Amino acid sequence: MRFWVEALQNRSSKKRAQLCFLNLMNALILAAGYATRLYPLTLNKAKPLLVVGGKPIIEWVVDNLQDVHDLETIYVVTNDKFAGDFQAWSEGYQDRHPQFKFKIVNDGSKSDDDKMGAIGDINLVVTRENLSQSSLLIVAGDNLFTESLEGFVVCAKRSEATVGVYDVGDREAIKKYGNVLIDDDGIITHLEEKPQKPRGTLAAIALYYYSPAVLSLLTTYLAAGNNPDQPGRFVQWLYTRKPVKTYQIKGKWLDIGSKETLEKADAILRTIKT
C-alpha cells in the first residue's frame with residue numbers, strides 16, 4: 001500500500017513539475033537595429049536607450065513586464081556596436097529591480113549592411129539560448145505602451161500564437177504597418193504588411209507570444225528564403241498555417257520611428273507618473 005501511495009505522490013510531483021515547466025516563459029526584446037532614420041541621435045546610442053519621458057525607451061518596455069507572472073529571463077538581442085551599452089544598462093536596472101534576470105545576446109552584426117533582421121535575430125536567440133521548449137514573449141525595443149502587458153500575456157497563454165493589435169484610426173497611418181482583419185473570435189483572417197489599399201485601421205504591432213510549437217517553425221520559415229526582417233512577415237506567413245489570435249492593446253501604443261514620433265512620445269510620457 002505504501003508503495004502505491006509513494007508512486008502516486010511521485011507521479012503527482014512529476015506532473016506538477018511538468019505543468020510548471022509548461023508555464024515558464026521568457027521574454028525577448030528586439031534591439032539589434034541601427035535606426036538610421038534617427039541619425040545623428042542614434043549614431044552612437046541605440047534607439048531603445050534614448051531617453052523618452054525621463055527614462056530610456058527600453059525601461060518603459062521592461063517596466064510594463066513587472067506584473068507578468070512566470071517570467072524567467074529577459075533576453076535583449078542587440079548588435080556588436082551596442083552590446084556593451086545594453087549590458088551596462090541591464091546591470092544598473094537589475095540593481096534597482098532584482099526580480100528581473102537579464103541576458104544580453106550579441107548577434108555579431110556591425111552595421112546596417114550586415115544585420116540579421118528581426119526574425120533572424122529571434123531565431124538566433126531561440127537556438128543559441130535553447131529556448132525552444134518554453135513560450136516566448138517578444139516585443140520590439142522601440143515600442144512603448146502606457147499600460148502593463150499583463151493582460152496581453154494572460155490572454156496569449158491560452159493560445160499557440162497571439163499578436164498585439166492596435167487601432168491607429170487612420171487609413172494613411174496604417175500604410176506604415178501590418179493591416180490586419182480578424183474574425184469574431186479575434187483570429188487573424190487577413191494580414192498585409194504596409195498595404196497600399198488598406199482594408200481597415202487595425203494594425204498588427206511588434207508584440208508577440210509564441211508557444212514552442214510556433215518557435216519550431218522559425219527555421220522552416222527562414223530555410224524557405226523568406227524575409228528575415230520585419231517580424232510581422234513571419235505572422236503573415238504563420239496565420240495561413242496556424243490560428244493566430246489577437247489582443248487589442250489598451251491605453252496608448254507609441255512606435256518610435258522618426259524624430260517627430262520621438263518628440264510626440266516624449267511629450268505624452270512626461271505626463272505619466274512612473
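The values are calculated or read from the model by the stated rules, or taken from the named source; none is laboratory data. Given the structure is predicted, the values throughout are model-derived calculations rather than measurements. Every residue, glycine among them, receives a Cβ derived from its backbone with ideal geometry; neighbour counts consider all protein chains shown. Heavy atoms of the whole protein, side chains included, go into the accessibility calculation; ligands, DNA and RNA do not. Shrake-Rupley method; radii C 1.70, N 1.55, O 1.52, S 1.80 Å.
Quick check on the stretch 104-113. Is at least one of its residues within 19 Å of S135 (Cα to Cα), charged (D, E, K, R) and in contact (Cβ under 8 Å) with a residue 40 or more places away in the chain?
The answer is no; no qualifying residue exists.
Restricted to the stretch 186-201, and to residues that are among the basic types (K, R) and at negative phi, which residue is least open to solvent (accessible area, probe 1.4 Å)? First the steps, then the outcome.
If we filter the stretch 186-201 for residues that are among the basic types (K, R), which is where we start, we get 194, 197, 199.
Within this subset, residues satisfying the condition of being at negative phi are 197, 199.
Working: K197: 170, R199: 137 Å².
In this case the residue turns out to be R199.
Quick one: what pairs do we get from the stretch 52-64, first residue on the phi > 0 side of the Ramachandran plot, second assigned to a helix (DSSP H, G or I), C-beta under 8 Å, 6+ apart or different chains?
The qualifying pairs are G53/W60; G53/A265; G53/D266; G53/I268; G53/L269; G54/L269.
Can you name every residue in the stretch 140-163 that is in contact with a helix residue (DSSP H, G or I) (Cβ under 6 Å, 6 or more places away or on another chain) and among the small types (G, A, S)?
Selection gives G141, A161.
Each row is one residue, and each column tells you yes or no for (1) open to solvent by 10 Å² or more (accessible area, probe 1.4 Å); (2) touching a Gly at 6+ places or on another chain (Cβ under 9 Å); (3) modelled with pLDDT of 95 or more.
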{"position": "G54", "(1), (2), (3)": "yes, no, no"}
{"position": "H97", "(1), (2), (3)": "yes, no, no"}
{"position": "D114", "(1), (2), (3)": "yes, yes, no"}
{"position": "V125", "(1), (2), (3)": "no, no, yes"}
{"position": "S132", "(1), (2), (3)": "yes, no, no"}
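Restricting to the stretch 134-170, name every residue that is polar (S, T, N, Q) and either open to solvent by less than 10 Å² (accessible area, probe 1.4 Å) or more than 28 Å from T36 (Cα to Cα) (or both). Before you say what the answer is, go through the steps one by one.
Going through the stretch 134-170, the residues polar (S, T, N, Q) turn out to be 134-135, 143, 146, 148, 159, 162.
If the condition is that a residue be polar (S, T, N, Q) and either open to solvent by less than 10 Å² (accessible area, probe 1.4 Å) or more than 28 Å from T36 (Cα to Cα) (or both), then S134, S135, N143, S148, S159, T162 are the ones that fit.
Given the condition open to solvent by less than 20 Å² (accessible area, probe 1.4 Å), among the small types (G, A, S), part of a strand (DSSP E or B) and in contact with a Gly (Cβ under 6 Å, 6 or more places away or on another chain), answer yes or no: does some residue in the stretch 176-185 qualify?
yes
Just the residues that are without any contact (Cβ under 8 Å) to a residue 40 or more places away in the chain and not in a loop (DSSP other than H, G, I, E, B), please, taken from the stretch 33-50.
Once the filter is applied, which keeps residues that are without any contact (Cβ under 8 Å) to a residue 40 or more places away in the chain and not in a loop (DSSP other than H, G, I, E, B), the stretch 33-50 yields nothing.
Mind checking which pairs have a first residue in the stretch 122-148 that is closer than 17 Å to T78 by Cβ and in a helix (DSSP H, G or I) and a second that is among the polar types (S, T, N, Q) and open to solvent by 10 Å² or more (accessible area, probe 1.4 Å), Cβ under 6 Å, 6 or more apart or different chains?
V126/S132
When you look at Y247, is it of a type in the set (S, T, Y), surrounded by 13 or more Cβ atoms within 10 Å (Cβ to Cβ) and assigned to a strand (DSSP E or B), yes or no?
yes
Can you name every residue in the stretch 27-52 that is open to solvent by 10 Å² or more (accessible area, probe 1.4 Å) and more than 21 Å from N106 (Cα to Cα)?
Matches in the stretch 27-52: R37, Y39, P40, L41, V51.
Can you go through Y209, Y177, Y221 and tell me which one is within 16 Å of the chain's Cα centre (by Cα), of a type outside the set (G, A, S) and modelled with pLDDT of 95 or more? Break it down into steps so the answer makes sense when it comes.
Numbers: Y177 fails: modelled with pLDDT of 95 or more; Y221 fails: within 16 Å of the chain's Cα centre (by Cα).
Exactly one of Y209, Y177, Y221 is within 16 Å of the chain's Cα centre (by Cα), of a type outside the set (G, A, S) and modelled with pLDDT of 95 or more, namely Y209.
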